[in-house]
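Trainee: After the structure tokens below, expect a handful of questions from me.
Here, each number is a calculation from the coordinates, and none is a lab measurement. Every value quoted in this text rests on a predicted model; they were computed, and no experiment measured them. Note: ideal-geometry Cβ built from the backbone for every residue, glycine included; neighbour counts use all protein chains shown.
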Amino acid sequence: MMSERPGRYDGAVIPVSPMRLTPEEQLALLDWHPIFTGRCPECEIPIKARSQRPVRWTCDRCGWLDERA
């Protein structure tokens with residue numbers, strides 16, 4: 001478990017970054033997001049691999065768009 005207190009490195013304080021997602025939301029993300037599943041969460045069709053990781057995920061078949069980006 002992470003401490004809420006900042007750590008130190010070479011005498012300097014390392015601030016604790018706030019979490020954007022709860023642990024439950026993080027686990028749910030593993031189950032449905034294409035970066036982890038390779039599939040569209042709406043139509044389950046594989047999302048084509050591109051040479052670079054997309055900034056915003058979209059499905060060419062159903063038009064699903066990742067609004068979290």
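Trainee: One quarter of the convex hull surface, Cα atoms only: what value does that give for the range 19-69 in nm²?
Mentor: Working: hull surface 15.0 nm².
Average projection, Cα convex hull of the range 19-69: 3.7 nm².
Trainee: Give, rounded to the nearest 20 debye, the magnitude of the charge dipole that the range 19-69 has about its Cα centre when Lys and Arg contribute +1 at Cβ and Asp and Glu contribute -1 at Cβ. Kindly include the intermediate steps, with their values, before the conclusion.
Mentor: Values: 8 positive and 8 negative charges, 70 e Å.
The dipole magnitude comes to about 340 debye.
Trainee: Let me ask something additional. Step through the residues of the range 27-37 one at a time and calculate ³J(HN,Hα) from phi using the Karplus curve (6.51 cos²θ - 1.76 cosθ + 1.60, θ = phi - 60°), rounding each to whole Hz and writing x for Gly and Pro.
Mentor: 5, 5, 4, 4, 7, 10, 6, x, 4, 9, 9
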